[in-house]
Amino acid sequence: EIAAAQMAQTKSQNSDVKDFAQHMIDDHTAMQKDVQAAAQNMNVTLPTAPSKSDQNEAKKLQAMDGAAFDKAYIAVQVKDHKKVLAEMKHEASTTQNAQLRDLATKGSQKVADHLKMAEDIQAKMGK
């Protein structure tokens, strides 16, 4: 998310997209610290690189410019935030680990906010 948002900061000409990207950078940087602390407490190793799917998505976005980039970037953000929100809500309601439940609950609130922002921008751009 952070790398894609940084790309949006440089490639987008749309102020709404740039503002959204800055939110992603700020919020995901803060969340990343919380996730890393929780993972360390639970002796869990986090991935160190984006998934193949995320890498392929980044390559597609890198090849785009202007309005095409903006629409594609926001579409990916809507899709990814919907998926992550569902996963976090599930984890928050099913996990027995209090630290993980709190992290998922807190994170799902932020992800829901991000999803709303992305959907609003997408509607403004006309999908």
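The values are calculated or read from the model by the stated rules, or taken from the named source; none is laboratory data. Note that the structure is predicted; figures quoted are calculated from it, not measured. With ligands, DNA and RNA removed, areas are computed over all heavy atoms of the protein, side chains included. Shrake-Rupley method; radii C 1.70, N 1.55, O 1.52, S 1.80 Å.
Odds and ends about this structure:
- Centre separation in Å (Cα based) which lies between the stretch 59-113 and the stretch 1-52: 10 Å
- For the chain, a Gaussian network of Cα nodes joined below 10 Å ranks Lys60, Lys33, Lys52 by mean-square fluctuation, and the top entry is Lys52.
- Binning all Cα-Cα separations of the chain at 5 Å, short to long from zero, yields these whole-percent fractions: 2, 11, 19, 22, 20, 13, 8, 4, 1, 0.
- Taking all Cα pairs closer than 8 Å and separated by 6 or more residues, the relative contact order of the chain comes to 28 percent.
- Fluctuation leader among Asn14, Asn97, Asn43 - the chain, Gaussian network, Cα springs under 10 angstrom: Asn43
- On a per residue basis, the chain carries 62 Å² of accessible surface, using protein heavy atoms and a 1.4 Å probe.
- Within a Gaussian network of the chain (alpha carbon springs, distance under 10 Å), most fluctuating of Leu103, Leu115, Leu46: Leu46
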